[in-house]
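Structure first, commentary second.
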Amino acid sequence: MASEDQIRLAVFEWLEDQTRFDDVLHWSTLQGGFAFQGRTISLVGQQGIWKPKVFKSIPISIRTSYKSDYQDGVTPDGLLHYKYRGTDPDHRDNAGLREAMLKQVPLVYFHGILPGKYLAAWPVYIVGEDPQNLAFTAALDDKRHIGPGEPEGEEREYRRRYITASLRTRLHQRSFRLRVLEAYQSQCAFCRLRRAELLDAAHIIPDSHPLGEPRVSNGLALCKIHHAAFDRHFIGVTPDYTIVIRPELLEEQDGPMLRHGIQEMHGRRLILPQKRSEYPDRDRLALRYELFRKAM
């Protein structure tokens, strides 16, 4: 019979394989669990704090649902805030997280970014408890530091805070990408390529700009070639949704990729989402198109 530590490490290896190309997982994948030595290890359940049946008391994962009523999330001080289950500090789930804190046992954190879709992050350690606010604090660590042996100290604390704070950026980026691709039905707005693995959520106005909000109306679903061309102002989009190619690129002679992949886009109308509320914002397109014209 494998130990809980061995099973936990096997869970991390399985997640590593599942997230090799995308760290967002479907609920059905998580709910199905994974096979380990002839038995299925469950990773999630209806409760946010989840312990598989084969574990004695310490959970395997904590989960925040999309638009959860609980005020979970990454706090300004670079830690993960996670609410108790209910109000009883001694509930078995809360007691399990407390034991994980005392023994510094690593967990998995699943954060819902869209209904049924979760970003997976691990190893997560419970590092504190706030009984007054019925909450724990947790920190994400580098995967190279899984397991016991590392002494406490400022270096470990700073590293964990930095990695945990970066989780907020990952959550925003993945949420933006999924919402944009969903709006465009997982197809490039220029060429209709429908392979989600080859699509990006391109910002019309960069997120570093005050108007660069991560909303669908500030995004375009673009294949990687057209995203690069759009970012480098080889391709522009007018406020009335017309695709424009830089003149020198139209005059250039090269192979079929340039001819069919870019030059033939000139004058075409942008492929738009089904919902008008998700159309690209015309004012943002106007600002971006002015930058495109200046680059010509």
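Only the coordinates and a few stated rules stand behind these numbers; no lab work does. Because the structure is predicted, anything quoted here is derived from the model rather than measured. Positions of Cβ are backbone-derived with ideal geometry, glycine not excepted, and every protein chain shown enters the neighbour counts.
Please order ASP142, ASP90 by the number of other Cβ within 10 Å, starting at the fewest. Each step should come with its number before you reach the end.
On the way: ASP142 12, ASP90 7.
Fewest-to-most Cβ neighbours within 10 Å comes out as ASP90, ASP142.
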Of region 7-36, those with amide N under 14 Å from the point 7 Å along the Cα→Cβ vector of TYR66 are 24-29
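So what's the projected area for region 255-296, the Cα convex hull averaged over all directions, in nm²?
Hull-based average projected area comes out at 4.1 nm².
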The distance between the Cα centres of region 102-132 and region 217-247, in whole Å, is 38
The answer for trypsin sites (Lys or Arg not before Pro) in region 1-86 that fall in a DSSP coil and have at most 13 neighbouring Cβ atoms within 10 Å is ARG20, LYS53, LYS56, LYS67
Among (1) 15.3; (2) 19.0; (3) 23.1, the value of mean projected area of the Cα convex hull in nm² computed for this structure carries the label (2)
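Which loop chymotrypsin sites (Phe, Trp or Tyr not before Pro) in region 1-80, with loop taken from DSSP, have no more than 10 other Cβ atoms within 10 angstrom of their Cβ? Mind showing how you got there, number by number?
Values: sites: PHE12, TRP14, PHE21, TRP27, PHE34, PHE36, TRP50, PHE55, TYR66, TYR70; in loops: PHE21, PHE55, TYR66, TYR70.
Sparse-neighbourhood loop chymotrypsin sites (Phe, Trp or Tyr not before Pro): PHE21.
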Sorted by chain and number, the residues with a modelled amide H under 5 Å from that of VAL24, at a separation of 5 or more or across chains, are none
Across 5 Å bins beginning at 0, the whole-percent shares of Cα-Cα pair distances in region 186-295 come to 2, 13, 23, 27, 20, 10, 4, 1
Relative to the chain, whose Cα atoms define the longest principal axis, helix 154-183 and its Cα axis are tilted in degrees, nearest 10, by 50
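Quick check: from the Cα gyration tensor, does region 4-179 come out rounded (a/c under 1.5), prolate or oblate? Provide the component values of the computation, followed by the final result.
Values: a/c = 1.18, a/b = 1.06, b/c = 1.11.
Rounded is the answer for region 4-179, as its axis ratio a/c remains below 1.5.
Grab the beta carbon distance between ARG39 and GLU157, set R0 = 30 Å, and tell me the FRET efficiency rounded to 0.05. Please list the in-between numbers first.
Details: r = 37 Å, r/R0 = 1.24.
The pair ARG39/GLU157 has a calculated efficiency of 0.20.
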Under the Karplus relation with 6.51, -1.76 and 1.60 and θ = phi - 60°, whole-Hz ³J(HN,Hα) for region 210-222, x at Gly and Pro, equal x, 8, x, 5, x, 10, 4, 5, 10, x, 9, 7, 10
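Pairs LYS117/LYS224; LYS51/LYS103; LYS143/LYS224: which exceed 21 Å Cα-Cα? The partial results should precede the final answer.
Working: LYS117/LYS224 23 Å; LYS51/LYS103 16 Å; LYS143/LYS224 29 Å.
Flagged as over cut-off: LYS117/LYS224; LYS143/LYS224.
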In nanometres, the difference between 0.36 nm per residue of separation and the alpha-carbon distance of ARG195 and ALA286 is 29.9 nm
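With a cut-off of at most 13 other beta carbons within 10 Å, and DSSP calling the residue loop, which trypsin sites (Lys or Arg not before Pro) in region 227-268 qualify? Please list them.
On the way: sites: ARG232, ARG259, ARG268; in loops: ARG232, ARG268.
Here the sparse-neighbourhood loop sites are ARG232.
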